[in-house]
1. Can you go through Asp83, Asp92, Asp98 and tell me which one is under 27 Å from Val24 (Cβ atoms), modelled with pLDDT of 95 or more and open to solvent by 20 Å² or more (accessible area, probe 1.4 Å)?
2. Could you go through region 105-116 and let me know if any residue there is in a loop (DSSP other than H, G, I, E, B) and either open to solvent by 10 Å² or more (accessible area, probe 1.4 Å) or of a type in the set (Lys, Arg) (or both).
3. For region 81-115, give me the residue count where each residue is small (Gly, Ala, Ser) and in contact with a Phe, Trp or Tyr (Cβ under 9 Å, 6 or more places away or on another chain).
4. I'd like the full set of residues that are in contact (Cβ under 8 Å) with a residue 24 or more places away in the chain and aliphatic (A, V, I, L, M), limited to region 142-172.
5. Name the pairs whose Cβ atoms lie under 6 Å apart, with the first residue in region 173-185 and open to solvent by 10 Å² or more (accessible area, probe 1.4 Å), the second modelled with pLDDT of 95 or more and part of a helix (DSSP H, G or I), and 6 or more positions between them or separate chains?
6. Open to solvent by less than 50 Å² (accessible area, probe 1.4 Å), at pLDDT 95 or above and part of a loop (DSSP other than H, G, I, E, B): does that describe Ala35?
Amino acid sequence: MDIEAGPAGRTSPGAPVPVEWTVVESDIGPLFLAATGRGLVRVEFHADAARRERMLDRLAGQLGAQPVECASGLLAEPIRRLDRYFAGEPGDIVLPLDWSLTTGFNRQVLRELATGVPYGTVVGYGELARRVGQPRAAQAVGVAMGSNPLPLVVPCHRVVESDGGLGGFGGGLETKRRLLALEGVLPAPLF
């Protein structure tokens, strides 16, 4: 998961990064996926038509190239891995990741989350802050979770409040509950 990229995802000054996208159905609704040759670069929950258009515009600006729908198969493995995850196969969604849409503290926190909080476990905001050497930065960890460009794959749904509360989640609390239930952390919803 340690794919690196320069500022704004560019491989050299002024060179745009080709990006491919698709929307796939999942147990938690449609997911927008985008990848570069370096790896998965964006996941977005609740990918209706309006959200998809916003994501395409945003990615074009961030990566310097117009995203193309599923042109060369960059998304084939992420789609297979997500299918296995939603089918209940235990384990992390391990894929090459393009970290170019996050920097600084947020990237540091997200990388720790990706490597240090395995499937079927949770971590508190404060504990994650301690793990990255900033024990008083629990709120900043929350901001990093909210700006995560790779939710689900970089599992911000596994970050909870120290008192056992779910905390926030960009995909909605019901989505967070369902993902934690799928991983065996919470009881499965009754409906």
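1. Numbers: Asp92 fails: modelled with pLDDT of 95 or more; Asp98 fails: open to solvent by 20 Å² or more (accessible area, probe 1.4 Å).
Just a single option satisfies the conditions, and that option is Asp83.
2. Residues of region 105-116 in a loop (DSSP other than H, G, I, E, B): none.
No, the conditions are met nowhere in region 105-116.
3. Filtering region 81-115 for residues small (Gly, Ala, Ser) gives 87-88, 91, 100, 104, 114.
Narrowing the set further to residues that are in contact with a Phe, Trp or Tyr (Cβ under 9 Å, 6 or more places away or on another chain) leaves 91.
Residues in region 81-115 being small (Gly, Ala, Ser) and in contact with a Phe, Trp or Tyr (Cβ under 9 Å, 6 or more places away or on another chain): 1 in total.
4. Result: Val143, Ala144, Met145, Leu150, Leu152, Val153, Val154, Val159, Val160.
5. That search, which allows pairs on different chains as well, returns nothing.
6. Working: open to solvent by less than 50 Å² (accessible area, probe 1.4 Å): yes; at pLDDT 95 or above: yes; part of a loop (DSSP other than H, G, I, E, B): no.
So Ala35 fails the test.
The values are calculated or read from the model by the stated rules, or taken from the named source; none is laboratory data. Computed from a prediction, not measured in an experiment: that's the story for all the values here. Positions of Cβ are generated from backbone atoms using ideal geometry, with glycine treated the same way; all protein chains shown enter the neighbour counts. In case anyone asks, the SASA skips ligands and DNA or RNA and just uses the protein heavy atoms, side chains included. Shrake-Rupley method; radii C 1.70, N 1.55, O 1.52, S 1.80 Å.
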